[in-house]
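Report on one structure; see the data block that follows.
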Amino acid sequence: MKALLPLMGEARSSVREGFLEALHRSLEEPASYEDALTLSTARGSEVLLLLSAALAVKRRTSGDLITYSRKVFTPLTNLCRNRCTYCGFRRELGEAGAGFMGLEEAMKLVKLGERLGAKEVLVSTGERPEEAYGEARAMLKSLGYSSTVEYVRVFEERVLEEAANMMPHTNIGVLSKSEMAELKPLNASMGLMLEVASGRLMGRGMPHERSPSKHPEARLRMIREAGELRIPFTTGVLIGIGETWEERIRSLMEIRRLHEEHGHIQEVIVQGFRPEPGTPMEGLKPPTPMEVAKTVALARLIFHGEVSVQAPPNLSPEALDLLLLSGLQDWGGVSPLTPDYVNPRYPWPKIPELKAATEAQGFKLRERLPIYPRYVRLGGSFIPEPLKERIYRLTDEEGLVKEELQGGP
C-alpha cells in the first residue's frame, strides 16, 4: 500500500491521515468496526486506495480465483406473509401468477437444468403464507400438505431421488432450528439474507414496517442456529433501501461475530437494491456502482479470507470490472435456464460472457457447488450423509467442480 502513494503524486495530499492509518490496519487484520466506518467515508483518491487494499487482501487469500454456481431457480410459491415495500417477487392472492408452483413443473426445471450442467437447485418461497392467509392454507391442503416447509421438504426429497447431480440450497425465509434440522439432510447449504441489522427500518413508513420476520433479532437467531447445526450458510446485506453506512457496517460485523462463533458462514452477498415497477419504492434510486463496489471492498476487509464476498452480476451488469477490482470472490448462482424471479428485469449474464469478463481482468473463473470448497474440504458434519457421494464425485481436491464436469454432468 505504501508503494502506491508515490504514484499518486499530488493526490497524496488529499488522503486523510486517519483514513490511511485505518487502511493499513485493515490490510494486516480484519477491519474493526471503527476502522470500517472510517473507510466508508472514502472520497476521491481514498476510494482508489480502499479498492486496492481490498483487492490485495483478496489476492493474498484466494489468488486469482473467482467462483460461481450453475443453478436453476425454483420459486415454489410467491405468496408471503411479509410486505416489504421494495419486493417485486411477492404476489397478492388473486393476482395473475399468484400461488404455488406444482412439483411436477418444478421437477421439469430441475431435470432440464441438470442436462444444461446445473448442480444447484435454489429453492425459494415467500415466507409462510399459510400463517397470513386462509386461502394459502387451503391451497396447501388441496395439494396434500400442511405447511410450506413440508412442501419444500417433499420437493427436495424428489430432487435427490430423481436427479443424479443436483442438490438443493434452501432460502425460504426465517425457519426454526427444528425446521432447519429437518431440511439439513437434503441441502448442500442454506441461506437467509440478514439485509440490515437495524430495527429502525421496521418503523412507520420504512421498508420493513409490515414484515415482522425482517426484524434483525429473528434473522440473527436463525443464522446463529444454523451455525449450531453446522449448516454451511449464505447471508448478506441489501444496500440502498434507506440504511446508513453505519448500519451496513454493523450488519457485516454481526455476521462476522456469528461466523467467529460457529465457522459456518460460507459467503456474504452484497446486493444492491433495484427498484421494481408497481412497488411503493419504485421511484427510489438504486445505489451507484461505486457505492456497491465500496461495500464489497469493506466486506472484503472485514472478513479477509475467511468468508467469500459475492455480488450478483445481473444487478450490476455495467460494473463487472469494478466489482472484480474491489475484492469480489464470487458471482453467486447463475442460471442457464431460469430467470432471477426476485429481479426479473435483470437477466443473468451468459456464462461464457461472465467468463470472458472475469478473465479480462486477469482472474480465473471456476464452477463450485452450492456448498463452498472450504466446507467440501472440511467435510465431517458440514456435509449431510445423503449428499456425500454426489459432492465428492463432482469435486476435485480443492473442493471445486472438476474441470471436466464444468458446464455439464
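The values are calculated or read from the model by the stated rules, or taken from the named source; none is laboratory data. No experiment lies behind these values; they were computed from the predicted model shown. Here the Cβ is made from the backbone with ideal geometry for all residues, glycine too, and neighbour counts use every protein chain on show.
Would you mind telling me which numbered condition in (1) touching a residue at least 12 places away in the same chain (Cβ under 8 Å); (2) surrounded by 14 or more Cβ atoms within 10 Å (Cβ to Cβ); (3) in contact with a Leu (Cβ under 8 Å, 6 or more places away or on another chain) residue 355 fails?
It is condition (1) that residue 355 fails.
Suppose the filter is touching an Asp or Glu at 6+ places or on another chain (Cβ under 7 Å), modelled with pLDDT of 95 or more, surrounded by 14 or more Cβ atoms within 10 Å (Cβ to Cβ) and part of a helix (DSSP H, G or I); does residue 112 pass it? Spell out how you get there, then give the answer.
Values: touching an Asp or Glu at 6+ places or on another chain (Cβ under 7 Å): no; modelled with pLDDT of 95 or more: yes; surrounded by 14 or more Cβ atoms within 10 Å (Cβ to Cβ): yes; part of a helix (DSSP H, G or I): yes.
Answer is no for this residue.
Take the residues of segment 222-237 that are in contact (Cβ under 8 Å) with a residue 40 or more places away in the chain and surrounded by fewer than 21 Cβ atoms within 10 Å (Cβ to Cβ): which is nearest to residue 199 (Cα to Cα)?
225
What single numbered condition from (1) surrounded by 16 or more Cβ atoms within 10 Å (Cβ to Cβ); (2) over 22 Å from the mean Cα position of the chain (by Cα) fails to hold for residue 86?
It fails just one condition, (2).
Hey, among 161, 130, which residue is buried (at least 22 other Cβ atoms within 10 Å of the Cβ), among the acidic types (Asp, Glu), over 23 Å from the mean Cα position of the chain (by Cα) and in a helix (DSSP H, G or I)?
Details: 161 fails: buried (at least 22 other Cβ atoms within 10 Å of the Cβ).
Residue meeting the stated conditions: 130.
Just to check your reading of the model, which residue among 40, 45 is over 20 Å from the mean Cα position of the chain (by Cα), under 28 Å from residue 297 (Cα atoms) and free of Cβ contacts under 8 Å to residues at least 60 places away in the same chain?
Exactly one residue qualifies, and that residue is 45.
Select from segment 238-277 the residues that are in contact with a helix residue (DSSP H, G or I) (Cβ under 7 Å, 6 or more places away or on another chain) and free of Cβ contacts under 8 Å to residues at least 40 places away in the same chain and write down the one among them that is surrounded by the most Cβ atoms within 10 Å (Cβ to Cβ).
Going through the qualifying residues, I end up with 258.
Only one of (1) basic (Lys, Arg); (2) touching a helix residue (DSSP H, G or I) at 6+ places or on another chain (Cβ under 7 Å); (3) under 23 Å from residue 316 (Cα atoms) is not met by residue 402, so which one is it?
Single failed check for residue 402: (3).
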